[in-house]
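Here is the structure we will look at.
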Amino acid sequence: MRIGITCFAGVGGSGIVATELGIGLAAHGHTVHFICAEMPFRLDDLSEHLFFHQVHLFPYPVLQNPQYDLALASRLSEVIAEQELDLLHVHYAVPHAISAFLARQICARAFRVVTTVHGTDTRLVGLDPSYRPITRFGLEQSDGVTAVSHYLAEATRDDFTLTRPIAVLPNFVDTQRFRRRALPPCYRENFAHPGERLLIHVSNMRPVKRIADIVRAFALIQRRIPSRLVLVGDGPDRLIAERLACDLEIADRITFTGNLAHVENVLAVGDLFLLASEVESFGLAALEAMACGMPVVAYRVGGVPEVVDDGVSGLLVPLYDFQALAESAIELLSAPARLTAFGTAARAAAETQFAHETGITAYEHYYTRMLTGAPAHADAP
Ligand code: GMT
(Lines give C-alpha, C1' and ligand atoms only; values in the text may rest on other atoms or scores of the structure.)
Protein backbone atom coordinates (compact mmCIF):
# COMPACT_ATOMS: atom_id res chain seq x y z
CA MET A 1 0.00 0.00 0.00
CA ARG A 2 1.03 3.60 -0.53
CA ILE A 3 -0.01 5.42 2.61
CA GLY A 4 0.07 9.06 3.69
CA ILE A 5 0.16 9.91 7.39
CA THR A 6 -0.58 13.31 8.89
CA CYS A 7 -0.10 14.07 12.56
CA PHE A 8 1.13 16.78 14.86
CA ALA A 9 4.88 16.49 15.08
CA GLY A 10 5.40 17.28 18.77
CA VAL A 11 5.92 14.99 21.73
CA GLY A 12 2.16 14.29 22.22
CA GLY A 13 0.90 10.72 22.25
CA SER A 14 -0.97 11.04 18.95
CA GLY A 15 2.19 12.02 17.08
CA ILE A 16 4.11 9.20 18.74
CA VAL A 17 1.48 6.60 17.81
CA ALA A 18 1.30 7.92 14.22
CA THR A 19 5.09 7.78 13.92
CA GLU A 20 5.46 4.29 15.39
CA LEU A 21 2.66 3.14 13.08
CA GLY A 22 4.34 4.61 10.00
CA ILE A 23 7.70 3.07 10.91
CA GLY A 24 6.00 -0.30 11.52
CA LEU A 25 4.10 -0.16 8.22
CA ALA A 26 7.30 0.68 6.33
CA ALA A 27 8.97 -2.31 8.00
CA HIS A 28 6.12 -4.42 6.61
CA GLY A 29 7.01 -3.24 3.09
CA HIS A 30 4.42 -0.49 2.63
CA THR A 31 5.49 2.92 1.37
CA VAL A 32 4.72 5.57 3.94
CA HIS A 33 4.73 9.32 3.39
CA PHE A 34 4.54 11.59 6.44
CA ILE A 35 2.98 14.94 5.50
CA CYS A 36 3.41 17.24 8.51
CA ALA A 37 4.52 20.73 9.48
CA GLU A 38 7.73 19.32 10.93
CA MET A 39 9.50 15.99 11.06
CA PRO A 40 7.68 14.01 13.79
CA PHE A 41 9.50 13.81 17.15
CA ARG A 42 10.23 10.08 17.04
CA LEU A 43 10.90 9.88 13.30
CA ASP A 44 14.66 9.98 13.47
CA ASP A 45 15.37 8.19 10.21
CA LEU A 46 13.95 7.91 6.70
CA SER A 47 14.38 5.01 4.31
CA GLU A 48 13.40 3.68 0.92
CA HIS A 49 9.92 3.06 2.33
CA LEU A 50 9.66 6.06 4.61
CA PHE A 51 9.41 9.66 3.37
CA PHE A 52 8.73 13.07 4.85
CA HIS A 53 7.02 16.00 3.07
CA GLN A 54 6.92 19.30 4.86
CA VAL A 55 3.86 21.53 4.91
CA HIS A 56 5.01 25.04 4.06
CA LEU A 57 3.31 27.84 5.93
CA PHE A 58 3.02 31.31 4.46
CA PRO A 59 2.40 33.87 7.19
CA TYR A 60 0.90 37.04 5.75
CA PRO A 61 -0.17 40.05 7.83
CA VAL A 62 -3.75 40.23 6.47
CA LEU A 63 -4.48 36.62 7.45
CA GLN A 64 -5.36 36.13 11.12
CA ASN A 65 -2.84 33.28 11.53
CA PRO A 66 -0.66 31.23 9.26
CA GLN A 67 -3.33 29.04 7.60
CA TYR A 68 -1.95 25.63 8.58
CA ASP A 69 -5.12 23.68 7.72
CA LEU A 70 -5.25 25.14 4.20
CA ALA A 71 -1.52 24.79 3.57
CA LEU A 72 -1.81 21.19 4.73
CA ALA A 73 -4.74 20.52 2.36
CA SER A 74 -2.70 21.92 -0.54
CA ARG A 75 0.34 19.85 0.34
CA LEU A 76 -1.75 16.71 0.83
CA SER A 77 -3.32 17.10 -2.60
CA GLU A 78 0.13 17.45 -4.18
CA VAL A 79 1.71 14.50 -2.37
CA ILE A 80 -1.31 12.24 -2.94
CA ALA A 81 -1.17 12.93 -6.70
CA GLU A 82 2.62 12.81 -7.06
CA GLN A 83 3.13 9.72 -4.94
CA GLU A 84 -0.08 8.01 -6.10
CA LEU A 85 -1.22 7.35 -2.55
CA ASP A 86 -4.00 4.83 -1.93
CA LEU A 87 -4.92 5.96 1.52
CA LEU A 88 -4.43 8.95 3.80
CA HIS A 89 -4.45 8.34 7.54
CA VAL A 90 -4.91 11.50 9.57
CA HIS A 91 -4.51 11.67 13.34
CA TYR A 92 -6.98 14.17 14.86
CA ALA A 93 -10.48 14.85 13.57
CA VAL A 94 -9.88 18.54 13.77
CA PRO A 95 -8.17 20.03 11.85
CA HIS A 96 -6.62 17.12 9.96
CA ALA A 97 -9.82 15.37 8.79
CA ILE A 98 -10.94 18.71 7.37
CA SER A 99 -7.68 19.20 5.49
CA ALA A 100 -8.10 15.64 4.16
CA PHE A 101 -11.62 16.48 3.02
CA LEU A 102 -10.34 19.57 1.20
CA ALA A 103 -7.50 17.58 -0.38
CA ARG A 104 -10.09 15.14 -1.71
CA GLN A 105 -11.94 18.02 -3.39
CA ILE A 106 -8.74 19.34 -4.95
CA CYS A 107 -7.15 16.09 -6.04
CA ALA A 108 -8.26 14.20 -9.14
CA ARG A 109 -6.97 10.93 -7.69
CA ALA A 110 -9.33 8.69 -5.68
CA PHE A 111 -8.00 7.74 -2.24
CA ARG A 112 -9.43 6.64 1.07
CA VAL A 113 -9.31 8.72 4.24
CA VAL A 114 -8.96 7.16 7.68
CA THR A 115 -9.25 9.44 10.72
CA THR A 116 -8.03 8.35 14.13
CA VAL A 117 -9.39 10.28 17.08
CA HIS A 118 -7.09 10.55 20.08
CA GLY A 119 -9.20 12.47 22.57
CA THR A 120 -7.71 15.93 22.56
CA ASP A 121 -9.37 16.51 19.20
CA THR A 122 -12.89 15.25 19.94
CA ARG A 123 -13.15 15.55 23.75
CA LEU A 124 -11.33 18.82 24.33
CA VAL A 125 -11.03 20.99 21.19
CA GLY A 126 -13.81 19.57 19.00
CA LEU A 127 -16.51 19.99 21.65
CA ASP A 128 -16.07 23.74 21.81
CA PRO A 129 -19.06 25.32 20.01
CA SER A 130 -16.68 27.03 17.60
CA TYR A 131 -15.38 23.67 16.36
CA ARG A 132 -18.21 21.21 16.96
CA PRO A 133 -19.93 21.38 13.54
CA ILE A 134 -16.69 21.13 11.59
CA THR A 135 -15.37 18.28 13.77
CA ARG A 136 -18.57 16.33 13.20
CA PHE A 137 -18.32 17.02 9.47
CA GLY A 138 -14.72 15.77 9.36
CA LEU A 139 -15.75 12.55 11.11
CA GLU A 140 -18.71 12.02 8.79
CA GLN A 141 -16.67 12.63 5.65
CA SER A 142 -13.88 10.18 6.51
CA ASP A 143 -14.10 6.72 4.94
CA GLY A 144 -13.10 5.15 8.22
CA VAL A 145 -12.89 6.44 11.77
CA THR A 146 -10.92 4.73 14.51
CA ALA A 147 -10.50 5.52 18.21
CA VAL A 148 -7.72 4.47 20.56
CA SER A 149 -10.06 3.13 23.27
CA HIS A 150 -13.64 1.93 23.74
CA TYR A 151 -14.26 4.85 26.05
CA LEU A 152 -13.22 7.31 23.34
CA ALA A 153 -15.21 5.59 20.59
CA GLU A 154 -18.39 5.71 22.69
CA ALA A 155 -17.84 9.27 23.89
CA THR A 156 -17.14 10.49 20.35
CA ARG A 157 -20.27 8.82 18.96
CA ASP A 158 -22.36 10.32 21.79
CA ASP A 159 -20.81 13.78 21.70
CA PHE A 160 -21.29 14.17 17.96
CA THR A 161 -24.51 12.10 17.68
CA LEU A 162 -22.85 9.90 15.08
CA THR A 163 -24.53 6.84 13.68
CA ARG A 164 -21.48 5.64 11.79
CA PRO A 165 -19.28 2.97 13.39
CA ILE A 166 -15.98 3.82 15.02
CA ALA A 167 -13.48 0.98 15.13
CA VAL A 168 -11.43 0.63 18.31
CA LEU A 169 -7.74 0.11 17.53
CA PRO A 170 -5.87 0.47 20.82
CA ASN A 171 -2.47 2.10 21.00
CA PHE A 172 0.56 -0.15 21.17
CA VAL A 173 4.12 -0.09 22.44
CA ASP A 174 7.47 -1.29 21.17
CA THR A 175 8.31 -3.75 23.94
CA GLN A 176 11.89 -4.12 22.69
CA ARG A 177 12.58 -0.44 23.10
CA PHE A 178 10.51 -0.08 26.28
CA ARG A 179 11.68 -2.77 28.68
CA ARG A 180 13.48 -3.18 31.94
CA ARG A 181 17.11 -3.83 31.16
CA ALA A 182 20.54 -3.66 32.70
CA LEU A 183 21.71 -0.07 32.46
CA PRO A 184 24.83 1.32 34.15
CA PRO A 185 24.03 2.30 37.79
CA CYS A 186 24.40 5.99 36.95
CA TYR A 187 21.09 5.94 35.07
CA ARG A 188 19.23 5.49 38.36
CA GLU A 189 21.77 7.26 40.53
CA ASN A 190 21.23 10.43 38.50
CA PHE A 191 17.86 10.67 40.21
CA ALA A 192 17.84 8.61 43.40
CA HIS A 193 20.26 7.47 46.09
CA PRO A 194 20.58 3.76 46.93
CA GLY A 195 17.69 2.72 49.18
CA GLU A 196 15.34 5.33 47.77
CA ARG A 197 12.32 4.58 45.60
CA LEU A 198 12.00 6.29 42.21
CA LEU A 199 8.64 7.60 41.02
CA ILE A 200 8.16 8.84 37.48
CA HIS A 201 5.62 10.94 35.61
CA VAL A 202 5.77 11.81 31.90
CA SER A 203 3.49 14.33 30.20
CA ASN A 204 3.24 17.50 28.18
CA MET A 205 2.32 19.31 31.41
CA ARG A 206 -0.91 20.81 30.11
CA PRO A 207 -3.53 21.70 32.77
CA VAL A 208 -5.42 18.49 31.95
CA LYS A 209 -2.44 16.48 33.30
CA ARG A 210 -2.79 18.06 36.78
CA ILE A 211 0.89 17.81 37.58
CA ALA A 212 0.33 19.87 40.73
CA ASP A 213 -1.59 16.80 42.00
CA ILE A 214 1.47 14.67 41.23
CA VAL A 215 3.67 17.03 43.26
CA ARG A 216 1.15 17.14 46.14
CA ALA A 217 0.84 13.33 46.15
CA PHE A 218 4.61 12.99 46.11
CA ALA A 219 4.90 15.39 49.07
CA LEU A 220 2.82 12.87 51.07
CA ILE A 221 4.63 9.81 49.70
CA GLN A 222 8.15 11.02 50.50
CA ARG A 223 7.17 11.60 54.14
CA ARG A 224 6.56 7.86 54.51
CA ILE A 225 8.87 6.31 51.90
CA PRO A 226 12.41 7.52 51.14
CA SER A 227 11.88 8.42 47.51
CA ARG A 228 12.49 10.78 44.61
CA LEU A 229 10.31 11.98 41.75
CA VAL A 230 11.29 12.53 38.13
CA LEU A 231 8.99 14.70 36.02
CA VAL A 232 9.69 14.21 32.32
CA GLY A 233 8.27 16.62 29.74
CA ASP A 234 7.53 20.27 29.38
CA GLY A 235 4.48 22.47 29.07
CA PRO A 236 2.45 25.35 30.46
CA ASP A 237 2.09 23.95 34.02
CA ARG A 238 5.74 23.14 34.58
CA LEU A 239 6.44 26.42 36.33
CA ILE A 240 3.42 25.93 38.61
CA ALA A 241 4.78 22.52 39.61
CA GLU A 242 8.29 23.88 40.15
CA ARG A 243 6.95 26.63 42.43
CA LEU A 244 4.73 24.20 44.31
CA ALA A 245 7.71 21.89 44.88
CA CYS A 246 9.58 24.86 46.43
CA ASP A 247 6.57 25.85 48.58
CA LEU A 248 6.24 22.27 49.84
CA GLU A 249 10.02 22.15 50.48
CA ILE A 250 10.54 19.08 48.33
CA ALA A 251 12.25 20.72 45.35
CA ASP A 252 15.51 18.91 46.19
CA ARG A 253 13.75 15.55 45.81
CA ILE A 254 12.31 16.27 42.34
CA THR A 255 14.07 16.38 38.97
CA PHE A 256 12.46 18.12 36.01
CA THR A 257 14.18 16.71 32.94
CA GLY A 258 12.26 18.50 30.16
CA ASN A 259 11.49 16.50 27.01
CA LEU A 260 13.68 13.47 26.45
CA ALA A 261 14.44 11.77 23.16
CA HIS A 262 15.12 8.53 25.03
CA VAL A 263 12.49 8.43 27.74
CA GLU A 264 12.83 4.63 27.78
CA ASN A 265 16.16 5.02 29.62
CA VAL A 266 14.41 6.75 32.52
CA LEU A 267 11.36 4.48 32.52
CA ALA A 268 13.66 1.46 32.64
CA VAL A 269 14.98 2.42 36.07
CA GLY A 270 11.80 3.63 37.82
CA ASP A 271 9.71 1.86 40.49
CA LEU A 272 6.27 3.40 40.04
CA PHE A 273 4.52 5.60 37.47
CA LEU A 274 2.11 8.33 38.58
CA LEU A 275 -0.63 9.78 36.38
CA ALA A 276 -3.12 12.42 37.56
CA SER A 277 -4.90 13.41 34.33
CA GLU A 278 -8.51 14.52 34.57
CA VAL A 279 -9.07 13.48 30.93
CA GLU A 280 -7.15 10.69 29.26
CA SER A 281 -8.47 8.73 26.31
CA PHE A 282 -5.79 6.07 26.63
CA GLY A 283 -2.60 7.07 28.47
CA LEU A 284 0.26 6.09 26.18
CA ALA A 285 2.87 7.30 28.67
CA ALA A 286 1.42 4.88 31.23
CA LEU A 287 1.61 2.03 28.72
CA GLU A 288 5.26 2.80 27.96
CA ALA A 289 5.96 2.72 31.70
CA MET A 290 4.11 -0.60 32.03
CA ALA A 291 6.22 -2.07 29.23
CA CYS A 292 9.22 -1.17 31.39
CA GLY A 293 7.75 -3.23 34.22
CA MET A 294 6.40 -0.29 36.22
CA PRO A 295 3.00 -0.42 37.92
CA VAL A 296 0.82 2.67 37.45
CA VAL A 297 -1.10 4.61 40.08
CA ALA A 298 -3.63 6.90 38.39
CA TYR A 299 -7.03 8.54 38.52
CA ARG A 300 -9.82 6.33 37.20
CA VAL A 301 -10.74 8.39 34.12
CA GLY A 302 -11.53 7.85 30.44
CA GLY A 303 -9.68 4.99 28.81
CA VAL A 304 -7.14 4.52 31.62
CA PRO A 305 -8.98 1.45 33.06
CA GLU A 306 -8.66 -0.21 29.62
CA VAL A 307 -4.87 0.08 29.93
CA VAL A 308 -4.24 -0.27 33.66
CA ASP A 309 -5.93 -3.29 35.23
CA ASP A 310 -6.92 -2.00 38.67
CA GLY A 311 -5.51 -4.26 41.39
CA VAL A 312 -3.36 -6.19 38.88
CA SER A 313 -1.00 -3.88 36.98
CA GLY A 314 -1.73 -0.75 38.97
CA LEU A 315 -4.13 1.00 41.30
CA LEU A 316 -6.83 3.45 40.19
CA VAL A 317 -8.35 6.01 42.52
CA PRO A 318 -11.15 8.59 42.28
CA LEU A 319 -10.51 11.70 40.21
CA TYR A 320 -8.97 14.69 42.06
CA ASP A 321 -8.21 12.59 45.16
CA PHE A 322 -4.46 13.13 45.26
CA GLN A 323 -4.37 11.80 48.84
CA ALA A 324 -5.72 8.47 47.56
CA LEU A 325 -3.09 8.62 44.82
CA ALA A 326 -0.43 8.97 47.54
CA GLU A 327 -1.95 6.24 49.75
CA SER A 328 -2.05 3.77 46.85
CA ALA A 329 1.55 4.56 45.94
CA ILE A 330 2.64 4.12 49.57
CA GLU A 331 0.70 0.84 49.78
CA LEU A 332 2.53 -0.58 46.75
CA LEU A 333 5.96 0.81 47.58
CA SER A 334 5.75 -0.64 51.12
CA ALA A 335 5.09 -4.14 49.82
CA PRO A 336 8.05 -5.12 47.60
CA ALA A 337 6.64 -8.51 46.57
CA ARG A 338 3.34 -6.93 45.52
CA LEU A 339 5.16 -4.13 43.69
CA THR A 340 7.16 -6.71 41.74
CA ALA A 341 4.04 -8.78 40.95
CA PHE A 342 2.25 -5.67 39.68
CA GLY A 343 5.30 -4.75 37.59
CA THR A 344 5.39 -8.23 36.07
CA ALA A 345 1.67 -8.01 35.27
CA ALA A 346 2.17 -4.57 33.72
CA ARG A 347 4.91 -5.89 31.45
CA ALA A 348 2.79 -8.93 30.52
CA ALA A 349 -0.16 -6.70 29.57
CA ALA A 350 2.09 -4.59 27.35
CA GLU A 351 3.40 -7.73 25.65
CA THR A 352 0.08 -9.48 25.16
CA GLN A 353 -2.65 -6.83 24.92
CA PHE A 354 -0.71 -3.91 23.42
CA ALA A 355 2.07 -5.50 21.38
CA HIS A 356 3.55 -3.33 18.64
CA GLU A 357 3.19 -5.99 15.97
CA THR A 358 -0.48 -6.64 16.79
CA GLY A 359 -1.18 -2.90 16.62
CA ILE A 360 0.46 -2.48 13.21
CA THR A 361 -1.33 -5.53 11.81
CA ALA A 362 -4.69 -4.26 13.08
CA TYR A 363 -4.25 -1.02 11.13
CA GLU A 364 -3.11 -2.96 8.04
CA HIS A 365 -6.30 -5.02 8.16
CA TYR A 366 -8.38 -1.91 8.67
CA TYR A 367 -6.75 -0.19 5.66
CA THR A 368 -7.33 -3.28 3.52
CA ARG A 369 -10.99 -3.20 4.48
CA MET A 370 -11.17 0.47 3.55
CA LEU A 371 -9.51 -0.11 0.19
CA THR A 372 -11.50 -3.17 -0.80
CA GLY A 373 -14.86 -2.19 0.70
CA ALA A 374 -17.50 0.25 -0.40
CA PRO A 375 -16.31 3.80 -1.09
CA ALA A 376 -16.50 6.83 1.15
CA HIS A 377 -18.17 7.09 4.50
CA ALA A 378 -19.46 3.50 4.65
CA ASP A 379 -17.37 1.33 6.96
CA ALA A 380 -19.06 -1.69 8.49
CA PRO A 381 -19.26 -2.08 12.30
O1 GMT B 1 -2.58 14.31 26.15
C2 GMT B 1 -1.50 14.08 25.62
O3 GMT B 1 -0.53 13.67 26.23
C4 GMT B 1 -1.31 14.32 24.17
C5 GMT B 1 -2.44 13.79 23.42
C6 GMT B 1 -2.35 13.99 21.94
O7 GMT B 1 -3.37 14.33 21.44
O8 GMT B 1 -1.30 13.84 21.31
O9 GMT B 1 -2.67 12.45 23.77
C10 GMT B 1 -3.90 11.86 23.42
O11 GMT B 1 -3.56 10.81 22.52
C12 GMT B 1 -2.73 9.79 23.12
C13 GMT B 1 -2.40 8.77 22.03
O14 GMT B 1 -3.54 8.18 21.55
C15 GMT B 1 -3.44 9.17 24.31
O16 GMT B 1 -2.62 8.21 24.90
C17 GMT B 1 -3.80 10.25 25.34
O18 GMT B 1 -4.56 9.67 26.37
C19 GMT B 1 -4.60 11.35 24.67
N20 GMT B 1 -4.78 12.49 25.60
C21 GMT B 1 -5.96 12.81 26.12
O22 GMT B 1 -6.98 12.18 25.93
C23 GMT B 1 -5.97 14.00 27.02
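The values are calculated or read from the model by the stated rules, or taken from the named source; none is laboratory data. None of these values were measured; they are calculated from a predicted model. Cβ placement follows ideal geometry from the backbone for every residue including glycine, while neighbour counts extend to all protein chains displayed. Quick note on the areas: whole protein, heavy atoms, side chains included, nothing else; ligands and nucleic acids left out. Shrake-Rupley method; radii C 1.70, N 1.55, O 1.52, S 1.80 Å.
Carbon and sulfur together cover what percent of the accessible area of region 300-381 at a 1.4 Å probe radius?
The computed percentage sits at 60.
Report the FRET efficiency, 1/(1 + (r/R0)^6), for residue 182 and residue 108, where r is their Cβ-Cβ distance and R0 is 56 Å, rounded to 0.05.
In this case the efficiency is close to 0.50.
Kindly report the accessible area of the chain per residue (heavy atoms of protein chains, probe 1.4 Å, no ligands, DNA or RNA), in Å².
Computed with neighbouring chains in place, this is 41 Å² per residue.
Check residue 5: other-chain or 5+ apart residues with amide H under 5 Å from its amide H, H built from backbone geometry?
For residue 5, whose amide H was placed from the backbone, the distant partners under 5 Å are 33, 34, 35, 89.
Using only Cα atoms and rounding to the nearest 10 degrees, what angle (0 to 90) does helix 211-224 make with the longest principal axis of the chain?
Relative to the chain, helix 211-224 is tipped by roughly 20 degrees.
In debye to the nearest 20, how big a dipole does the chain give about its Cα centre with +1 on each Lys and Arg Cβ and -1 on each Asp and Glu Cβ?
Dipole about the Cα centre, nearest 20: 280 debye.
Using the Cα gyration tensor of the chain, with a ≥ b ≥ c the square roots of its eigenvalues, what is the shape: rounded (a/c below 1.5), prolate (a/b larger than b/c) or oblate (neither)?
It comes out prolate by the Cα gyration axes.
Taking the Cα centre of region 185-353 as origin and charging only Cβ (+1 Lys, Arg; -1 Asp, Glu), how large is the dipole, in debye to the nearest 20?
240
Give me the number: length gained by fully extending residue 341 to residue 28, i.e. 0.36 nm times residue separation minus the C-alpha to C-alpha distance, one decimal in nm.
Between residue 341 and residue 28, full extension yields an extra 109.2 nm.
Tell me, what % of the accessible area of region 57-148 is carbon and sulfur with a 1.4 angstrom probe?
Ligands and nucleic acids excluded, carbon and sulfur give 55 percent.
Of 172, 193, 318, which is farthest towards the positive pole of the chain's charge dipole, taken about the Cα centre with +1 and -1 on the beta-carbons of Lys, Arg and Asp, Glu respectively?
Value: 193.
With an 8 Å Cα cut-off and a minimum separation of 6 or more residues, compute the relative contact order for the chain in percent.
Rounded, it is 15 percent for the chain.
List, in order, the whole-Hz ³J(HN,Hα) value for each residue of region 235-246 obtained from phi through the Karplus relation with A = 6.51, B = -1.76, C = 1.60 and θ = phi - 60°; use x for Gly and Pro.
Here the 3J(HN,Hα) series is x, x, 9, 4, 4, 4, 5, 5, 5, 4, 4, 5 Hz.
Can you compute 3J(HN,Hα) from phi for each residue in region 254-261, using the Karplus curve 6.51 cos²θ - 1.76 cosθ + 1.60 with θ = phi - 60°, rounded to whole Hz and x for Gly and Pro?
3J(HN,Hα) across region 254-261, in whole Hz: 10, 10, 9, 8, x, 6, 10, 6.
Between residue 224 and residue 358, what length in nm is gained on full extension when 0.36 nm per residue of separation is reduced by their alpha carbon distance?
Computed gain between residue 224 and residue 358 is 44.1 nm.
Rounded, prolate or oblate: which fits region 185-353, taking a ≥ b ≥ c as square roots of the Cα gyration tensor eigenvalues, rounded meaning a/c under 1.5, else prolate when a/b beats b/c?
rounded
Using mean Cβ contacts within 10 Å as the protection proxy, how do 195-204, 256-265 order, highest first?
With the highest mean Cβ count within 10 Å placed first, the list reads 195-204, 256-265.
Around residue 50, which amide H atoms from residues at least 5 apart in sequence, or from another chain, sit under 5 Å from its own amide H, with H modelled in the peptide plane?
32
Carbon and sulfur together cover what percent of the accessible area of region 210-298 at a 1.4 Å probe radius?
Taking all protein chains in place, region 210-298 shows 47 percent carbon and sulfur surface.
Among 139, 202, 329, whose Cα projects farthest towards the positive end of the dipole of the chain, with charges put on the beta-carbon of Lys, Arg (+1) and Asp, Glu (-1)?
Going by the charge dipole, the pick is 329.
Multiply the residue separation of residue 310 and residue 251 by 0.36 nm, subtract the distance between their alpha-carbon atoms, and state the gained length in nm to one decimal.
Length difference between fully extended and current span is 18.2 nm.
Between residue 196 and residue 57, what is the spin-label point distance in nm, taking each point 7 Å from the Cα along the Cα→C-beta axis?
4.0
Apply the a/c threshold of 1.5 to the C-alpha gyration tensor of region 31-166 and tell me whether it is rounded, prolate or oblate.
prolate
Hey, in the GNM for the chain with a 10 angstrom Cα cutoff, which one of 247, 174, 310 fluctuates hardest?
Fluctuation is largest for 247.
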